[in-house]
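Handing you this structure, nothing more for now.
The values are calculated or read from the model by the stated rules, or taken from the named source; none is laboratory data. Please read these numbers as outputs of a predicted model, since none were measured by experiment. Note that each Cβ is placed from the backbone with ideal geometry, even for glycine, and that neighbours are counted across all protein chains shown.
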Amino acid sequence: MSRLPTLFAVALLGACASQAPTDQSDAVEDFVVINDLEEVRVARTLDGFDYDYLTERYVVVETRKKYYLVEFHGRCRELTNDDMDIQPDFRYDAKAIRAGEDTIRGCRIKTIYEIDKVQAMELKQIGLAPGEERKTKT
């Protein structure tokens, strides 16, 4: 009996196990494309806002009346690492956040998409373990 098929199977399993898990940011990007989300320049926040962490590149912002998907220019490790020195947030207007100008936890906002409550709930499920919830007030 040849050991070649067995060695091949072991090598194949090792290669599959060593591959990095897919990034949930890709799933969020797919969600944006599939739902043809509308990009907005400004999200009105009035009395502040909450945000839910999705990935190091995306958060869902909830205001009193609306929901927004916010994309950062790059990874925003400050969202989950409380040990880092956080830069102060910059706001052009205290009652709004603007793409390309303002920051959340020191990370510059690249894009803002207006979404509805159902889309916000769907996005929050991407990459979330059962029973896990991350919410932060700003």
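Starting from residues that are touching a strand residue (DSSP E or B) at 6+ places or on another chain (Cβ under 6 Å) and at pLDDT below 65, keep the ones in region 82-138 and report whichever is nearest to residue 54 (Cα to Cα).
Per the stated criteria, the residue is 134.
Filter region 61-73 down to the residues that are more than 11 Å from residue 104 (Cα to Cα) and either in a loop (DSSP other than H, G, I, E, B) or at pLDDT below 95 (or both) and list them by number. Before the answer, list the steps.
Start the filter on region 61-73 by keeping residues that are more than 11 Å from residue 104 (Cα to Cα), which leaves 62-69, 73.
Matches in region 61-73: 62, 63, 64, 65, 66, 73.
Which of the residues that make up region 101-128 are without any contact (Cβ under 8 Å) to a residue 12 or more places away in the chain and either of a type outside the set (D, E, K, R) or part of a helix (DSSP H, G or I) (or both)? Working first, answer last.
First pass over region 101-128, keeping only residues without any contact (Cβ under 8 Å) to a residue 12 or more places away in the chain: 101, 118, 121, 125, 128.
Answer for region 101-128, where residues must be without any contact (Cβ under 8 Å) to a residue 12 or more places away in the chain and either of a type outside the set (D, E, K, R) or part of a helix (DSSP H, G or I) (or both): 118, 121, 125, 128.
Sticking with this one: Could you tell me how many of the residues in region 33-54 are at pLDDT 90 or above, more than 17 Å from residue 117 (Cβ to Cβ) and outside any strand (DSSP E or B)?
Selection size over region 33-54: 4.
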